[in-house]
Amino acid sequence: VFDRLPLGPRDWLGDGRTALYAIMFMGFPWAATLATLIFNAGLQAIPTSVLEAARMDGVIGWRRAIWIDFSMILGQFRLLLVLGFIGGIQSFQTVLIMTAGGPGRATTVPGLVMFKEAFYYSRLGYGTAIGLVMFAVILAATLLTLRVIRPEAEETA
């Protein structure tokens, strides 16, 4: 198996097959800081009476994590899902700095297309139209996410 691995330096940003993955992985060590804080706040907000009732019913370990903890932090999960989707659609700064959309068009993202059309090619109307389409896609995805993923408190209300 190891004799088939490409050894030596690899041009991660110069290869169209790996460039976008390299840019996505670049932010990995810092990606979970906000999510960790939001999930920690959600876990701390779980009422102790719920945890005590679960303990008395024998729900411990993984069963507690899945049935109690995860169901109680669905609101935080929904928030992070929406924020991640919005960030993924709008973000272009890292791509602009590292590859400018290349090699070829392998790392071209919607935000970069909007930026280039508006400020490189001076087609402000076209850049604005791209921004409006991005807004509509983000709004539709956010409304869909808010409708599909509902915390239990909203379901019973």
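The values are calculated or read from the model by the stated rules, or taken from the named source; none is laboratory data. Because the structure is a prediction, the values reported are computed rather than measured. Cβ: placed from backbone, ideal geometry, glycine included. Neighbour counts: every protein chain shown. Keep in mind that these areas ignore ligands, DNA and RNA; they rest on the heavy atoms of the full protein, side chains included. Shrake-Rupley method; radii C 1.70, N 1.55, O 1.52, S 1.80 Å.
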Checklist line | the range 40-53 residues that are within 14 Å of R64 (Cβ to Cβ), paired with ones that are open to solvent by less than 60 Å² (accessible area, probe 1.4 Å) and assigned to a helix (DSSP H, G or I) (beta carbon under 8 Å, 6 or more apart) | finding: L43/D69; I46/I68; I46/D69; V50/I68; L51/I68
Checklist line | Residue list for the range 100-126, restricted to those being within 21 Å of the chain's Cα centre (by Cα) and not in a helix (DSSP H, G or I) | finding: G101, A106, T107, T108, V109
Checklist line | Residue, least open to solvent (accessible area, probe 1.4 Å), within the range 22-75, restricted to residues that are within 30 Å of R10 (Cβ to Cβ) and β-branched (V, I, T) | finding: I23
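Can you pull out every residue in the range 116-143 that is of a type in the set (G, A, S) and more than 12 Å from I89 (Cα to Cα)?
Within the range 116-143, A118, S122, G125, G127, A129, A140 qualify.
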Item checked: Residue in the range 90-129 that is most open to solvent (accessible area, probe 1.4 Å), counting only those that are touching a residue at least 24 places away in the same chain (Cβ under 8 Å) and over 14 Å from M24 (Cβ atoms) -> Q90
Check: (1) closer than 25 Å to I66 by Cα; (2) among the polar types (S, T, N, Q); (3) modelled with pLDDT of 85 or more: which one isn't true of T18, the others all being true?
Finding: (1)
Next item on the list: Scan (1) farther than 25 Å from V82 by Cβ; (2) in contact with a Leu (Cβ under 6 Å, 6 or more places away or on another chain) for the single condition A35 breaks and write down its number.
Entry: (1)
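Does I66 satisfy the criteria of being among the aliphatic types (A, V, I, L, M) and under 15 Å from the mean Cα position of the chain (by Cα)?
Answer is no for this residue.
Could you name every one of the helices (runs of 4 or more DSSP H) located completely within the range 6-83 that has at least 1 residues being in contact with a helix residue (DSSP H, G or I) (Cβ under 8 Å, 6 or more places away or on another chain)?
19-26, 33-44, 48-56
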